[in-house]
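Visitor: Here you go, one structure.
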Amino acid sequence: MNKSPKSLTSTSKFLSLVLRHQPEVIGMQLDPEGWLPIDELIANANRKGNELSLELLHDVVASCEKKRFSLSDDGLKIRANQGHSVPDVELNLEPVTPPNQLFHGTVAAFIESIREQGLLKRSRNHVHLSADIETAKKVGARRGKPLILTIRTEAMHESGLSFYLSANGVWLTDAVPAQFIQFPD
Ligand code: HQG
């Protein structure tokens, strides 16, 4: 089997598509917590021409730097740790107290609208925040020259808004009102 970095990357992208956004491309539906049975996932992927084996799937899960995917304790199911746009996926994460501040990487084109509306989840199920500036820079750099917003999460939490920490260390919340955002000069 070909386990080149390229096949790991393309399989990771395929799994992100199926487990976060469009399970219907292989005729499947995520369970309420976002899981798919691995045996059915592999069978359906291959049936639709996306070559996938248990070994390749395990390699992708293990080698993914951002730890995008988790296996269930019994090893029979897989889900994405965050990033979903499939509606009604409930990861059942416990609300947790965030650090005093978190960061969000974005680009200049969005700043005016973020000043007016705050951070919105848009196509995803949560707003994604990073614990460190370096990660936020990488997130923003996907779209252009990154601009880093500092989120006053302690004040937000004190005002009653909830935060969740995904299994791969991404901070999630429903929305960030503009009053809690510190913009770069
Ligand atoms: C922007 C990657 C205008 C927001 C990353 C962002 C992350 C607004 C974009 C994960 C806005 C949404 C998520 C408003 C937010 N007006 N623009 N009111 N509110 N935005 O991709 O945070 O590699 O849905 O700034 O590492 O960029 O896929 O969110 O630019 O963790 O695993 O709207 O995706 O992870 O974009 O990235 P996204 P994101 P993976």
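Visitor: Assess whether V127 counts as being closer than 25 Å to P87 by Cα and touching a Lys or Arg at 6+ places or on another chain (Cβ under 9 Å). Lay out the reasoning, then the answer.
Guide: Details: closer than 25 Å to P87 by Cα: yes; touching a Lys or Arg at 6+ places or on another chain (Cβ under 9 Å): yes.
Yes; evaluated as a whole, the condition is true for this residue.
Visitor: Identify all residues within region 21-41 that are on the phi < 0 side of the Ramachandran plot and open to solvent by less than 30 Å² (accessible area, probe 1.4 Å); write none if there are none. Steps first, answer last, please.
Guide: Filtering region 21-41 down to residues on the phi < 0 side of the Ramachandran plot leaves 21-26, 28-33, 35-41.
If the condition is that a residue be on the phi < 0 side of the Ramachandran plot and open to solvent by less than 30 Å² (accessible area, probe 1.4 Å), then P23, I26, M28, L30, L36, I38, L41 are the ones that fit.
Visitor: What number of residues within region 167-178 are open to solvent by less than 10 Å² (accessible area, probe 1.4 Å) and more than 10 Å from the ligand (Cβ to nearest atom)? Break it down into steps so the answer makes sense when it comes.
Guide: So the first thing to find is which residues in region 167-178 are open to solvent by less than 10 Å² (accessible area, probe 1.4 Å), and the list is 172-173, 176.
Imposing the further condition that a residue be more than 10 Å from the ligand (Cβ to nearest atom) reduces the set to 173.
Residues meeting the conditions: 1.
Visitor: I'm trying to understand the selection: among the residues of region 113-166, which are more than 11 Å from the ligand (Cβ to nearest atom), touching a residue at least 24 places away in the same chain (Cβ under 8 Å) and assigned to a helix (DSSP H, G or I)?
Guide: I133, T153, E154, A155, M156, H157
Visitor: Checking L56 against (1) part of a loop (DSSP other than H, G, I, E, B); (2) open to solvent by less than 30 Å² (accessible area, probe 1.4 Å): exactly one of these is not met. Which one?
Guide: (1)
Visitor: R68 versus (1) in the same structural domain as L56 (by TED's automatic domain parsing); (2) within 8 Å of the ligand (Cβ to nearest atom); (3) open to solvent by 80 Å² or more (accessible area, probe 1.4 Å): which is the lone unmet condition?
Guide: That leaves (3) as the condition not met.
The values are calculated or read from the model by the stated rules, or taken from the named source; none is laboratory data. Keep in mind it's a predicted model, so treat the numbers as computed, not measured. With ideal geometry, Cβ positions are generated from the backbone for all residues, glycine too; neighbour counts draw on all protein chains shown. The accessibility values were calculated without ligands, DNA or RNA, using every heavy atom of the protein model including side chains. Shrake-Rupley method; radii C 1.70, N 1.55, O 1.52, S 1.80 Å.
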